[in-house]
Amino acid sequence: MSENALVLLPYLKDTPDTRSPDAKLDEMTALTKAIQLNVVQSSCVPLREIKASTYLGQGSVEKFSSVIRENKVDVVILACRLAPLQQRNLEKLWSTKVIDKTALILEIFGQRARTKEGVLQVELAHLTYQRSRLVRSWTHLERQRGGAGFLGGPGETQIELDRRLIDEDIVKIKKELEEVKKTRELHRQARRRVPFPIVALVGYTNAGKSTLFNYLTNADIFAKDMLFATLDPTMRQIRLPDGQTVILSDTVGFISDLPTELVMAFRATLEEVLEADVVVHVRDYFHPDTDAQKEDVEAVLSDLGLKEMVDEGKIIEALNKIDLFPDEEREMICKQKLRRQNEIPISAKSGEGIQRLLVRISEMLNKNRMTLSLKIPIEDGKLLSLIYRKAVVLERKDYSKTISMKVAVRSEDVHLFKNFMKK
């Protein structure tokens, strides 16, 4: 039986924000449901100021005390960053578990991580979060998945972790992560020797990246209408309309106000984006906050070192979920975007617009290629295989002893065909 949860979004009334409190509350409620908690009530809580002892004002604390009792609430989730003292005081006043946004996201990450690196990253994030808190505030936590979970009840399992023990664990996990990263770097080097261009899918959590990935690759990656459905990069080969083979990479979804511990701990999960030849930003175009979500994603990409790509508009935007719009509005959106090469309306569910998206990916990959005219011996199968692997064949004419070809080649690969270029 799932635990009952109360979700609260405290916000300062006079502080401007690009997102409405209601939209933020909806997102927090979706996050809570993502770990199978039963949300009995969710509320926005306007504040004049943040109280040092309880974050919320006394009136709000008393109001929600009765809600907690009447609904038999097992855990209260506040969509903010609580200080350890505020968390403890609220737990005493409400006689129930209280966690903040960081703890909730960490819990989700703990449930979703699948690869060794993902599990280690979650554990590192847990420990970094604990390290920033007063040690004695953590005695209500329990061990889960070899790490610290946040939803264990008080008294179930006592964890007495002092800073020295946490630091030792952090050092140990960082060493393990370095080993995992070395293994991934070896895999990347092997791919470079092939090498196929990398196309990375990025986007706000629940934008439909994994659904698009599944559509393009026929893979059975976990894709559900649930926030943070994907935590580990998943990679598959696909063939583009012009015959090119590329590696498609699905990445973890971004979210607004992602806590610092998570940005640092999950940076390695986004390393594939830095390796990418083309970045496809999958947007939930039907979402009321789609523009604010776009800003959040672009801010993270800039932080990762892709500011130039963002500024110069070198990222393809896949405007997903257009199947949810009424027919007339959908047609209008598609007509408007026809003139914009890098904004392509799609439906990862129905497949609408996908072909145009793939063609655009091909065009962007070919933009930085040189066109060569080659003349190769017809019996040189090894060279022919290399050409099809490293280049895009634009024209081919077979003669009795030679093959005449026009190909598009990346500048760094031109030297491979220098001896066969037509004078």
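Here are the numbers for this structure:
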item	result
Qualifying residues in the stretch 234-258 (those that are of a type in the set (Gly, Ala, Ser) and under 26 Å from Gln293 (Cβ atoms)) - the one modelled with the lowest pLDDT	Ser256
Elements of type helices (runs of 4 or more DSSP H) in the stretch 324-395, at least 3 residues being polar (S, T, N, Q)	354-367
Near pairs, Cβ below 7 angstrom, 6+ apart or cross-chain, from the stretch 111-123 (assigned by TED's automatic domain parsing to the domain that holds Lys172) to any residue that is aromatic (Phe, Trp, Tyr) and in a helix (DSSP H, G or I)	Val122/Phe109
Matching entry among Asp22, Asp14 (being more than 21 Å from Phe64 (Cα to Cα), assigned by TED's automatic domain parsing to the domain that holds Ser60 and acidic (Asp, Glu))	Asp14
Residue check for Asp289: at pLDDT 90 or above, in contact with a helix residue (DSSP H, G or I) (Cβ under 7 Å, 6 or more places away or on another chain) and closer than 28 Å to Arg81 by Cα	no
Criterion (outside the structural domain of Tyr215 (by TED's automatic domain parsing), buried (at least 17 other Cβ atoms within 10 Å of the Cβ) and touching a residue at least 12 places away in the same chain (Cβ under 8 Å)) met by exactly one of Ile322, Ile403, Ile346, Ile354	Ile403
Every residue from the stretch 300-319 that is surrounded by 14 or more Cβ atoms within 10 Å (Cβ to Cβ) and part of a helix (DSSP H, G or I)	Val300, Leu301, Ser302, Leu304, Leu306, Met309, Val310
Index of the failed condition, Asp413 passing every other in (1) part of a helix (DSSP H, G or I); (2) closer than 26 Å to Lys209 by Cα; (3) of a type in the set (Asp, Glu)	(2)
For Ile333: the one exception among (1) in contact (Cβ under 8 Å) with a residue 40 or more places away in the chain; (2) crowded, with 19+ Cβ neighbours inside 10 Å; (3) more than 16 Å from the chain's Cα centre (by Cα)	(2)
Sole exception among (1) assigned by TED's automatic domain parsing to the domain that holds Ile238; (2) of a type outside the set (Phe, Trp, Tyr); (3) closer than 21 Å to Ile247 by Cα for Lys335, by number	(3)
Sole residue being within 21 Å of the chain's Cα centre (by Cα), basic (Lys, Arg) and either at pLDDT 90 or above or in a helix (DSSP H, G or I) (or both), chosen from Lys92, Lys63, Lys72, Lys24	Lys24
Any hit, the stretch 100-109, residues being in a strand (DSSP E or B) and either without any contact (Cβ under 8 Å) to a residue 24 or more places away in the chain or within 23 Å of Leu262 (Cα to Cα) (or both)	yes
Lone unmet requirement of (1) modelled with pLDDT under 90; (2) out of contact with any Lys or Arg (no Cβ under 8 Å at 6 or more places or on another chain); (3) more than 26 Å from Phe420 (Cα to Cα); (4) charged (D, E, K, R) for Glu331	(1)
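The values are calculated or read from the model by the stated rules, or taken from the named source; none is laboratory data. The model shown is predicted, which means the values in this text are computed figures rather than measured ones. FYI the Cβ positions are ideal-geometry reconstructions off the backbone, even for glycines, and counts take in every protein chain you see.
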